[in-house]
Structure formats: structure tokens, C-alpha cells
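Accompanying notes for the structure given below.
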Amino acid sequence: MDRFVLWGTYCQNALEKRSPFREEHLNRLSILKEKGILITLGPTKCTRYVFGIFEAASLEVVKKVLEEDVYWKEGIWTSLEVYPWTQAF
């Protein structure tokens, strides 16, 4: 399994716009964490960017996981960039 890093952006007023979808989003993240796919994920303090680390068989798997998220489907996340990552420490 390889690790991947995510950098993305949130829409304007993301804190308000995410409210109807937050519970579904967090429940799904919990499942991904239990499966070992999600290592960590969250917004920057300014809430303009999302950062995450994933462990999966391929880049395509991570992209599919992200594209299936309600935040992507509802436009809360507005861009997602995923890169293979080598953990040095």
C-alpha cells in the first residue's frame, strides 16, 4: 500500500454550506479510517483548504474515494489535488 497526500480548496462560506452534509461526511470518514484508507483529513484554520493523508493501492482508489464524498458532490470542496507521498519520519 502507498500513501497519498491531498490538497484541496473549500467553497466560500464552507462552514455554513457544509451543515446539511456534515454528519454524512463525518460518518463516511469514520468508516474510511476504520478500513485504514484514511490516515487524517481536515481543514486549515482559515477553512480555505483541505489537507489529507490516505493509504491505498493506487492513486485512482484515492481519487474515487474523494469523488464519492458528499462534500465533493455538493460543491463544498471545489478542487482536489492528490499526490503520491513518501513519509520520511
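The values are calculated or read from the model by the stated rules, or taken from the named source; none is laboratory data. Small disclaimer: the values here were computed from a predicted structure and weren't measured. Here the Cβ positions follow ideal geometry from the backbone for every residue, glycine too, while neighbour counts run over all protein chains shown. For the accessible areas, the whole protein counts, side chains as well, though only heavy atoms, and no ligand, DNA or RNA atoms are used. Shrake-Rupley method; radii C 1.70, N 1.55, O 1.52, S 1.80 Å.
Values as computed for the structure displayed
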read-out: With every protein chain in place, segment 1-58: carbon and sulfur % of accessible area (1.4 Å); value: 52
read-out: Aspartates and glutamates whose Cα lies under 17 Å from that of LYS33, excluding same-chain neighbours fewer than 8 positions away; value: ASP2, GLU23, GLU24, GLU55, GLU67, GLU68, ASP69
read-out: Per-residue HN-Hα couplings for segment 3-10 [Karplus 6.51, -1.76, 1.60; θ = phi - 60°; Hz; x = Gly/Pro]; value: 10, 9, 10, 10, 10, x, 10, 9
read-out: Table column - 3J(HN,Hα) (Hz), segment 41-51, Karplus curve with 6.51, -1.76, 1.60, x for Gly and Pro; value: 7, x, x, 6, 4, 7, 6, 8, 10, 10, 10
read-out: Accessible area of ILE76 in the full protein assembly, 1.4 Å probe (Å², nearest 10); value: 0
read-out: Hz values of 3J(HN,Hα) by residue in segment 18-30 - Karplus curve (6.51, -1.76, 1.60), Gly and Pro given as x; value: 7, 3, x, 10, 4, 4, 4, 4, 5, 4, 5, 4, 4
read-out: Sequence-distant lysines (8 or more away, or on other chains) whose Cα lies within less than 24 Å of LYS35; value: LYS63, LYS64, LYS73
read-out: DSSP-assigned coil residues among trypsin sites (Lys or Arg not before Pro) in segment 1-45, each with at most 15 further Cβ atoms within 10 Å; value: LYS35, LYS45
read-out: Probe 1.4 Å, accessible area per residue of the chain, Å²; value: 65
